[in-house]
Amino acid sequence: MHAADPARLLDLATDVAREAGRLAAEGQAGVDVLDTKSTPTDVVTEMDRSVEELIRKRLLNARPGDSVLGEEGGSEPGSTGVRWIVDPIDGTVNYLYGRDEWAVSIAAESMGEVVAGAVVVPVRGEVYTATLGGGAYCDGRRLRADDAVPLEMALVCTGFGYSAERRAHQAEVLRTVLPRVRDIRRCGSAAVDLCSLARGRANAYYERGLNAWDWGAAALIAREAGVRVEGLHGAPPNPELLVAAVPGLFEELHALLAPLSADTDGTVAHQGA
Ligand code: LIP
């Protein structure tokens, strides 16, 4: 039994994500770096902060007492059993460089389970939505991921962390993956990557080092389109590794990644790390 109706939570998430997307898009030209996080290349812009503030205000005005977890503002406790998981701009480096692969992501978790999610990709004018058990949609069109293809025919998305040590091991993993697949794409936004799988713009995705706000809404959208979104060995998606593909391809990719320790930063020191 959930604390709130997923359809209503989705309406709110979608309205707020659309408004936040408009604000972020208006501010993209001329945006500057405000702060850095884990490394000098892990940036925060003033728009990351102000867009998250807007989202928090709108959500809590509509549903006082809910809890919110956001990439920039951290965790705000609540009492209703509903928690919002927010990434104001997923793909901040793309945003900074004037590229279009960035998204506003808002997920609603009820009693610990994500039941509704909205991902808005403003520059592309795309709005992805899903409710648990209710299917995934883009601009009202039902989404179904493409059927499984053999690994060697799969277009595989991935991403890289910010630290040199992590990147060195990710490059080692990629050295083995690249000759085994059709090709690799690195789009720079986990939310956009997962939505791409949901609509057949790619076949698979894996990435180490993500946080719940990166995948919260988009993992539900991908799942509702028929994609398996997991960690290794049946674990739920987690910061160690997220793997996503339709059944059949998922198992092949999992079998390739697990022995490579793609869920670690590697045990051997890589030259130059
Ligand atoms: C981004 C992720 C992306 C990853 C980037 C970055 P952010 O999130 O969505 O997949 O490769 O390095 O972490 O920081 O832009 O919200």
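The values are calculated or read from the model by the stated rules, or taken from the named source; none is laboratory data. None of these values were measured; they are calculated from a predicted model. All Cβ positions, even for glycine, are placed from backbone atoms using ideal geometry, and neighbour counts span all protein chains on display. We work out accessible area using only protein heavy atoms, side chains counted, and drop any ligands, DNA or RNA first. Shrake-Rupley method; radii C 1.70, N 1.55, O 1.52, S 1.80 Å.
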* **Phi-based couplings in Hz for segment 223-240 (Karplus 6.51, -1.76, 1.60; Gly and Pro marked x)** => 4, 5, 8, x, 8, 7, 10, 8, x, 7, 6, x, 5, x, x, 8, x, 5
* Structure fact -> Under the helix-only model (-39500 (n - 2.57) for each DSSP H run of 4 or more, divided by the residues of the chain), the mean residue ellipticity at 222 nm, to 500 deg cm²/dmol, is -10500 deg cm²/dmol
* GNM on the chain, C-alpha springs below 10 Å: top fluctuator among Gly226, Gly65, Gly216? -> Gly65
* Asked: Once you sort the root eigenvalues of the Cα gyration tensor of segment 151-260 as a ≥ b ≥ c, which label holds: rounded (a/c under 1.5), prolate (a/b larger than b/c) or oblate (the other case)?
  -> rounded
* Asked: Regarding the chain, what are the three Cα extents along the principal axes, ordered largest first, in Å?
  -> 50, 40, 33
* Return an integer: the convex hull volume of the alpha-carbon atoms of segment 6-142, in Å³ per residue. => 100 Å³
* For Glu109, list long-range residues whose amide hydrogen, built 1.01 Å from N in the peptide plane, is under 5 Å from its own amide hydrogen. => Arg83, Trp84, Ile85, Val115
* **Label zone at Arg141 (point 7 Å along Cα-to-Cβ), backbone N below 14 Å, segment 92-132** => 125-129
* Which trypsin sites (Lys or Arg not before Pro) does segment 78-139 hold that lie in a coil by DSSP with at most 15 other beta carbons within 10 Å? -> Arg99
* Give the distance, in whole Å, between the Cα centre of segment 1-39 and the Cα centre of segment 158-211. => 23 Å
* Dipole magnitude of the chain about its Cα centre, charges +1 at Lys/Arg Cβ and -1 at Asp/Glu Cβ only, in debye to the nearest 20? -> 500 debye
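Order of 138-144, 114-120 by packing, highest average Cβ count within 10 Å first?
In decreasing order of mean packing, 138-144, 114-120 become 114-120, 138-144.
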* On Cα atoms only, tilt of 6-28 relative to the major axis of the chain in degrees -> 80 degrees
* Taking Cα atoms, how many degrees apart are the long axis of helix 164-177 and the longest axis of the chain, rounded to 10 and kept between 0 and 90? -> 60 degrees
* **Carbon plus sulfur fraction of accessible area for segment 151-260, probe 1.4 Å, in percent** => 51 percent
* Structure fact -> The size of the Cβ-based charge dipole (Lys, Arg +1; Asp, Glu -1) of segment 151-260 about the Cα centre, to the nearest 20 debye, is 260 debye
* Structure fact -> Longest principal axis of the chain (C-alpha) makes with the long axis of helix 46-62 (C-alpha) an angle, in degrees to the nearest 10, of 50 degrees
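Whole number in Å², please: accessible area per residue of segment 151-260, 1.4 Å probe, ligands, DNA and RNA not counted.
Spelled out: the 1.4 Å probe surface of segment 151-260, per residue, equals 37 Å².
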* **Carbon plus sulfur fraction of accessible area for segment 1-137, probe 1.4 Å, in percent** => 49 percent
* **Probe 1.4 Å, accessible area per residue of segment 12-96, Å²** => 44 Å²
* To do: Would you work out the charge dipole size for segment 6-142 about its Cα centre, treating the Cβ of every Lys and Arg as +1 and the Cβ of every Asp and Glu as -1, and quote it to the nearest 20 debye?
  => 480 debye
